[in-house]
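The values are calculated or read from the model by the stated rules, or taken from the named source; none is laboratory data. Only a predicted model underlies this, so the values are computations on that prediction, with no experimental measurement involved. Positions of Cβ are backbone-derived with ideal geometry, glycine not excepted, and every protein chain shown enters the neighbour counts.
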Amino acid sequence: MKYIVSFFILLSISFNMNAQDSVSENPKDICPILIGEDLPDGTLVDLEKKELSVSKLTKKKKSILIFYRGGWCPYCNTQLSGINEILDDIKELDFQVVAISPDNAEHLKKTIDKEELDYELLSDSKMEYARSLGIAFKMNKKTLKKYKLFGIDLEESSGESHFQLPAPAVFVVDKKGVIQFSYVNPNYKVRLKPEILLSVLRNMD
């Protein structure tokens, strides 16, 4: 019986790892990394187009990683602005905020200026890091055509032709790189409310 249980545990771990490496065409089919797991290392790009190590970034302070679709998304901008409004409270709790999207450096700058953000935005333009977290999905052709009618060009905003986006997500990570809290919702219209995030942070050890 012990061997059977071990087999299913290994099978579950293997399935989860494979799911994180793959890219679904439906955001409802994503398989996000779980609370209690170690945050994988990866490389992101800052406003000056310099590469940053995620592990080095998160070792500095307890971190809130916010994955958003891009500066073209009004729901994302509302979320980013909401985080900015509670930034002082977040800092008092000794957390740093890092928001990550497929947007390239130029588009990150536009979002910071437009929304008057006081925290760091980083680029995952190739979507390699989002894939490692199991939150990436590929846009279907019908939706891409619809977006272009509204003037949304994913290829132009990222500089890449993968047509992938992250499901909106929030990960809270300690300085050891362990995920303490996560919120991932394939419905891009529904975001974690700032006051709920603050409540979560205040109840952490």
task = Considering every residue within the stretch 97-113, establish whether at least one is on the phi > 0 side of the Ramachandran plot and either modelled with pLDDT of 95 or more or crowded, with 23+ Cβ neighbours inside 10 Å (or both).
result = no
ask   = Taking into account only those residues within the stretch 19-35 that are of a type in the set (A, V, I, L, M, F, W, C) and farther than 23 Å from Asn104 by Cα, which is surrounded by the fewest Cβ atoms within 10 Å (Cβ to Cβ)?
value = Leu34
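Out of the residues in the stretch 50-86 that are in a strand (DSSP E or B) and in contact (Cβ under 8 Å) with a residue 24 or more places away in the chain, which is farthest from Lys110 (Cα to Cα)? Give the steps one after another, and end with the answer.
Step one: filter the stretch 50-86 for residues in a strand (DSSP E or B), giving 51-53, 62-67.
So of that shortlist, the ones also in contact (Cβ under 8 Å) with a residue 24 or more places away in the chain come out as 52, 62-67.
Numbers: Leu52: 20, Lys62: 27, Ser63: 23, Ile64: 22, Leu65: 20, Ile66: 18, Phe67: 17 Å.
So the residue we want is Lys62.
Here are some residues: Tyr119, Tyr188. Which one is under 22 Å from Leu44 (Cβ atoms), among the hydroxyl-bearing types (Ser, Thr, Tyr) and without any contact (Cβ under 8 Å) to a residue 40 or more places away in the chain? Walk me through how you get there before you give the answer.
Values: Tyr188 fails: without any contact (Cβ under 8 Å) to a residue 40 or more places away in the chain.
Just a single option satisfies the conditions, and that option is Tyr119.
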ask   = Given (1) touching an Asp or Glu at 6+ places or on another chain (Cβ under 8 Å); (2) assigned to a helix (DSSP H, G or I); (3) of a type outside the set (D, E, K, R), where does Ile179 come up short, assuming only one miss?
value = (2)
message = Checking the structure you have, find out if any residue of the stretch 125-135 is of a type in the set (S, T, N, Q) and free of Cβ contacts under 8 Å to residues at least 24 places away in the same chain.
response = no
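Here are Tyr129, Tyr188, Tyr147: which of them is surrounded by 13 or more Cβ atoms within 10 Å (Cβ to Cβ) and within 17 Å of Thr78 (Cα to Cα)? Reasoning before the result, please.
Values: Tyr129 fails: within 17 Å of Thr78 (Cα to Cα); Tyr147 fails: within 17 Å of Thr78 (Cα to Cα).
Checking each option against the conditions leaves just Tyr188.
Hey, can you tell me all the residues within the stretch 150-166 that are in a helix (DSSP H, G or I) and surrounded by 19 or more Cβ atoms within 10 Å (Cβ to Cβ)? Break it down into steps so the answer makes sense when it comes.
If we filter the stretch 150-166 for residues that are in a helix (DSSP H, G or I), which is where we start, we get 154-158.
If the condition is that a residue be in a helix (DSSP H, G or I) and surrounded by 19 or more Cβ atoms within 10 Å (Cβ to Cβ), then Leu154, Ser157, Ser158 are the ones that fit.
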note = All conditions in (1) in contact with a Phe, Trp or Tyr (Cβ under 7 Å, 6 or more places away or on another chain); (2) surrounded by fewer than 18 Cβ atoms within 10 Å (Cβ to Cβ); (3) under 24 Å from Pro186 (Cα atoms) are true of Asp38 except (1)
ask   = Filter the stretch 3-49 for residues that are in a strand (DSSP E or B) and within 20 Å of Leu165 (Cα to Cα); which is modelled with the lowest pLDDT?
value = Ser24
